[in-house]
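As structure tokens, the structure follows; a few thoughts come after it.
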Amino acid sequence: MAYIEKYGIKFHSDFWFLLPGFNAITLFGHVFCKMTMGELRNYLTTAAGKRLANHEGIHIAQVKSIKTGYIGFYALYLMYWFRNLFVCPSKAYRNIPFEKEAYANQYDYNYLTNHPKSCWRDYTDWRK
């Protein structure tokens, strides 16, 4: 499978299995996008592409901060999502602590070099 490596992340194109409204997903350290390879190559040179790379890079760092790795990350991710479905269904995705940290810091391009590990734990309060 072809990919583009940019910002230290492997980006894959033509990933059709994404829910409406989502442009990318990080799975096992790789970012999968709906765009074609040409569109992806161009997109990654834009400010929006850099922001996407930073957001997904934060997720990759989050996985590395969890001792059980990908299995633990995805188990926690799903647990928070299911909990959020019962608390506030319309915000189930955005209230996942991993997403809260990534969205809050996606414009800070120095975040990955300066943030403490396991910082996502600071975002676990579902009421915020």
Apply the Karplus parameterisation 6.51 cos²θ - 1.76 cosθ + 1.60, with θ equal to phi minus 60°, to every residue of region 101-107 and state each ³J(HN,Hα) to the nearest whole Hz, in sequence, with x for glycine and proline. 5, 5, 5, 5, 10, 5, 8
For T26, T46, T68, give me the order by solvent-accessible area with a 1.4 Å probe, most accessible first, ignoring ligands, DNA and RNA. T68, T46, T26
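Stretched out fully, how many nm does the piece from T113 to K34 gain, at 0.36 nm a residue minus the Cα gap?
Working: separation 79, 0.36 × 79 = 28.44 nm, distance 2.82 nm.
Stretched fully, the T113-K34 segment lengthens by 25.6 nm.
By the scheme Lys and Arg +1, Asp and Glu -1, what is the net charge of all other residues having a beta-carbon under 12 Å from that of R41?
Values: positive: K6; negative: E5, E39.
Net charge around R41: -1.
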Determine the dipole magnitude for the chain: charges of +1 sit on the beta-carbon of Lys and Arg, -1 on that of Asp and Glu, nothing else is charged, the reference point is the Cα centre, and the result goes in debye to the nearest 20. 260
Per DSSP H run of at least 4 residues, take -39500 (n - 2.57); add these up for the chain, divide by its residues and hand me the 222 nm value, nearest 500 deg cm²/dmol. -13500 deg cm²/dmol
Would you mind getting the Kirkwood hydrodynamic radius of region 37-97 from its Cα pairs, rounded to one decimal in Å? 13.3
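Quick check: with the 1.4 Å probe, what order do Y107, Y123 take by accessible area, largest first? Please report the intermediate quantities before stating the final value.
Numbers: Y107 145, Y123 60 Å².
Largest accessible area first, the list is Y107, Y123.
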Order of exposure, largest accessible area first, which applies to R121, R51 with probe 1.4 Å: R121, R51
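Can you say what percent of the DSSP beta bridges in the chain, counting only those with both residues inside, are antiparallel? Round to 5. Could the numbers behind the result be given before it?
Working: 7 of 10 bridges.
Bridges in the chain are about 70 percent antiparallel.
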Accessible area per residue, Å², the chain with all protein chains present, probe 1.4 Å: 61
A 1.4 Å probe over the protein heavy atoms gives the chain a carbon and sulfur accessible-area percentage of 61
Dimensions (Å) - region 56-128, Cα atoms, principal axes, largest first: 35, 27, 18
Using the reciprocal of the averaged 1/r over all distinct C-alpha pairs, how large is the Kirkwood radius of the chain in Å? 15.2
In degrees, nearest 10, the alpha-carbon axis of helix 47-64 is tilted away from the dominant principal axis of the alpha carbons of the chain by 50
Normalised contact order of the chain, rounded percent, pairs of Cα under 8 Å and 6 or more residues apart: 19
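The values are calculated or read from the model by the stated rules, or taken from the named source; none is laboratory data. Please read these numbers as outputs of a predicted model, since none were measured by experiment. Don't worry about glycine lacking a Cβ; one is built from the backbone with ideal geometry, like all the others, and counts go over all protein chains shown. SASA here: full protein model, heavy atoms, side chains in, ligands and nucleic acids out. Shrake-Rupley method; radii C 1.70, N 1.55, O 1.52, S 1.80 Å.
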